[in-house]
Amino acid sequence: MQIHQLRYFCAVAKAGSFTRAAEREHVAQPSLSQQIRKLEDELGARLLDRLGRTLRLTSFGETFLLRAEAILREVSDAKHEIQEMTGMDTGKLVVGAIPTIAPYFLPDRLASFSRRFPKVQLSVVEEITSVLLERLQAATIDVALMALPVPGDQFTSRELLREPLYLVVPQTHRLSSKARVHLSDIEADPFLLLKEGHCFRENTLSACTRARLNPNVIFESGQFATILAMVAANTGVSVVPQMAVEKREGCRFIPIADEAACRRVGAVQLKQHFRSRAQDAFLKHLQQTKSRASVLKEGRLTA
């Protein structure tokens, strides 16, 4: 039984698909399938029921998954402990981040951390919240940056910042000259929203619910860049977190008059996962560096 076989099995169990698991593990699908079959042959039991294009864990698979995940965590922790013995300035640190945080919050902080700890091998995984939580459980990432709170008592979180939400409208919009707006003011406007799976979608819809607004959603995207381009083209309006506010021709960003309309951003870890001094140093570095959102001035919010 090989460690990579356990990792592949856990990936398939979480993804529910050989294809998606192979993509996440960066391995050819035939090779991954072959390793799973070898694992089943060695165990003398079928771990997965293959139902056409869908997969389902057998009762043996459900039991084995818990053991496999525990073994992978133990192996990962053992590696971290050895790295810890060699000092904080060496080792490997894998950071996960959701797409609505990674491009805004991480670049400067990663660069400054790498300058301070050049021997730490730092890598980043950008995925939606559900995938990052799965990877935390599988111990393939050490810390994930995402919106709080997160489900599950197996995780521990540390809040890094809170940021208000902004309405973004075309430069020629009737509300573009307002200093603050209520979401109820856009009841008749076409609305652009993030797709399902992005936790900021829930932040937006919660703010709309508080404003008793049923948004007229005409377009959904997985990227703020696409949404902002559509707003600039006078297609509709949207809501973004403060860290996504930028100088963009054709857009006007306006604070929402609702103190509860905010997003909590935090660092999430698995409670059982070994925490090295390098991880602690990285978290402290994130807390000590000022967020881009906190230094934005109102005068920079218009194109």
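The values are calculated or read from the model by the stated rules, or taken from the named source; none is laboratory data. Owing to the predicted nature of the structure, the values given are computational and were not obtained by experimental measurement. FYI the Cβ positions are ideal-geometry reconstructions off the backbone, even for glycines, and counts take in every protein chain you see.
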Right, VAL168: of a type outside the set (Phe, Trp, Tyr) and part of a strand (DSSP E or B) or not? yes
Give the residue that is surrounded by the fewest Cβ atoms within 10 Å (Cβ to Cβ), with candidates limited to residues of region 1-44 that are among the β-branched types (Val, Ile, Thr) and more than 14 Å from GLY61 (Cα to Cα). ILE3
Is it the case that region 222-233 has a residue that's modelled with pLDDT of 85 or more, closer than 22 Å to LEU160 by Cβ and buried (at least 18 other Cβ atoms within 10 Å of the Cβ)? yes
Residue pairs, Cβ under 6 Å, 6 or more apart or interchain, first in region 116-128 and closer than 16 Å to GLY96 by Cβ and touching a residue at least 60 places away in the same chain (Cβ under 8 Å), second of a type in the set (Gly, Ala, Ser) and assigned to a loop (DSSP other than H, G, I, E, B). List them. ILE128/GLY197
Out of all the residues in region 47-57, which are surrounded by 13 or more Cβ atoms within 10 Å (Cβ to Cβ) and either modelled with pLDDT under 90 or within 28 Å of the chain's Cα centre (by Cα) (or both)? LEU55, LEU57
Checking SER238 against (1) at pLDDT 85 or above; (2) among the polar types (S, T, N, Q); (3) within 30 Å of GLU81 (Cα to Cα), which test does it fail? (3)
Go through (1) in a loop (DSSP other than H, G, I, E, B); (2) modelled with pLDDT of 95 or more; (3) under 24 Å from ALA144 (Cα atoms); (4) of a type outside the set (Ser, Thr, Tyr) and name the single condition LEU193 misses. (1)
Is it fair to say ALA267 is without any contact (Cβ under 8 Å) to a residue 60 or more places away in the chain and aliphatic (A, V, I, L, M)? no
Just the residues that are in contact with a Pro (Cβ under 8 Å, 6 or more places away or on another chain) and part of a strand (DSSP E or B), please, taken from region 123-165. GLU126, SER157, GLU163, PRO164, LEU165
Consider region 209-239. How many of its residues are in contact with a helix residue (DSSP H, G or I) (Cβ under 6 Å, 6 or more places away or on another chain) and closer than 24 Å to ASP258 by Cα? 7
Kindly evaluate ARG174 against the criterion of being assigned to a loop (DSSP other than H, G, I, E, B) and loosely packed, with under 14 Cβ neighbours inside 10 Å. yes
Can you pull out the residues in region 183-215 that are over 23 Å from the mean Cα position of the chain (by Cα) and among the aliphatic types (A, V, I, L, M)? LEU183, ILE186, ALA188, ALA211, LEU213
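If we scan region 13-20, do we find a residue that is under 30 Å from SER157 (Cβ atoms), of a type in the set (Val, Ile, Thr) and not assigned by TED's automatic domain parsing to the domain that holds THR204? I'd like the intermediate steps shown before the answer.
Kept after step one, since they are under 30 Å from SER157 (Cβ atoms), are these residues of region 13-20: 13-17, 20.
From the residues that got through so far, the ones that are of a type in the set (Val, Ile, Thr) too are none.
No, that holds for no residue.
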